[in-house]
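Working notes for the structure below.
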Amino acid sequence: LDQNWTCDPGVIKFGGYYYVGYTTTADTRGVDNDVCVARSKKPDGPFQKWTGSGWGICPAPLVEYTGNPEYFGCGEPSFVLMGDTLYIYYTWADETGAATRVATADATDENWPATIRFCGECIPPKNGGDSADVKYVDACGRFVAVFTEKRFSDDSYVAVWESFDGLSFRQSGFVKANTAKKLHNCGISGRADGHIGKDDPVSLS
């Protein structure tokens with residue numbers, strides 16, 4: 001499944017493991033992508049991949065794309081841990097456009113990918129946007145998502161969306177000042193559990 005390449009990683013740590021979600025494809029054209037996940041006790045590995053029933057060598061999708069295989073598919077994961085619940089955000093891009101979808105899983109279960117519950121679209125198809133990076137801002141009591149609008153253009157900028165429940169987002173602002181032209185993927189820094197604390201330094205890249 002991931003023999004051609006992997007990209008767009010999202011990382012979270014809980015239960016003694018670093019988990020890396022990533023975009024992967026068996027199609028050399030870079031379409032029909034899926035989301036896979038691997039884990040390790042150390043940030044530099046060695047890693048075990050989710051196999052569909054446990055952790056081992058042969059990967060199975062955490063999120064499997066079921067749409068038109070001629071389009072990007074799904075990928076670009078981002079994670080937030082809220083208590084015992086893991087929130088999983090990912091791009092779903094087909095002929096209708098690129099949207100962000102969300103799923104949840106039971107973080108207390110060592111085989112949490114087997115508990116995944118798909119919750120649908122949380123950010124609708126965007127204006128040429130791509131991969132949303134989501135964090136939970138403790139001081140504000142809300143989830144914040146950032147992603148690029150009008151990507152790869154001279155008019156590109158960073159969109160900011162927010163949510164109180166992590167399942168439904170609304171647009172709350174944008175960043176246009178002091179940004180470069182032709183932006184694409186963007187991200188926001190946070191803690192190992194996907195949170196941003198009150199006094200944490202934050203960088204947007």
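Table for the structure above
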quantity: Only listed residue being within 26 Å of Val146 (Cβ to Cβ) and more than 15 Å from the chain's Cα centre (by Cα), chosen from Tyr19, Tyr65, Tyr71; calculated: Tyr71
quantity: Selected residue [at pLDDT below 90 and open to solvent by less than 40 Å² (accessible area, probe 1.4 Å)] from Ser156, Ser163; calculated: Ser156
quantity: Residues located in the stretch 158-190, provided they are outside any strand (DSSP E or B) and under 15 Å from Cys140 (Cβ atoms); calculated: Phe164, Asp165, Gly166, Phe169, Gly190
quantity: Residue that is surrounded by the fewest Cβ atoms within 10 Å (Cβ to Cβ), among those in the stretch 96-119 that are of a type outside the set (Ser, Thr, Tyr) and at pLDDT below 95; calculated: Gly97
quantity: Qualifying position, being open to solvent by 60 Å² or more (accessible area, probe 1.4 Å), on the phi < 0 side of the Ramachandran plot and of a type in the set (Phe, Trp, Tyr), among Tyr71, Tyr90; calculated: Tyr71
quantity: Close pairs (8 angstrom Cβ cut-off, 6 or more residues apart or separate chains): over 26 Å from Cys7 (Cα atoms) and at pLDDT 85 or above in the stretch 170-198, open to solvent by less than 90 Å² (accessible area, probe 1.4 Å) and assigned to a loop (DSSP other than H, G, I, E, B) anywhere; calculated: Gly197/Asp138; Gly197/Ala139; Lys198/Asp138; Lys198/Ala139
quantity: Positions within the stretch 30-53 being surrounded by 13 or more Cβ atoms within 10 Å (Cβ to Cβ) and at positive phi, in sequence order; calculated: Gly30, Asp32, Gly52
quantity: Those residues of the stretch 99-141 which are part of a strand (DSSP E or B) and acidic (Asp, Glu), in sequence order; calculated: Asp106, Glu121, Asp133
quantity: Unmet criterion (only one of (1) assigned to a loop (DSSP other than H, G, I, E, B); (2) over 19 Å from Thr23 (Cβ atoms); (3) open to solvent by 60 Å² or more (accessible area, probe 1.4 Å)) for Arg151; calculated: (2)
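The values are calculated or read from the model by the stated rules, or taken from the named source; none is laboratory data. Just so it is clear, the structure is predicted and the values come from calculations on it, not from any experiment. Reconstructed Cβ throughout: ideal geometry from the backbone, glycine too, with neighbour counts over all protein chains shown. All accessible areas refer to the heavy atoms of the entire protein, side chains included, with ligands and DNA or RNA removed. Shrake-Rupley method; radii C 1.70, N 1.55, O 1.52, S 1.80 Å.
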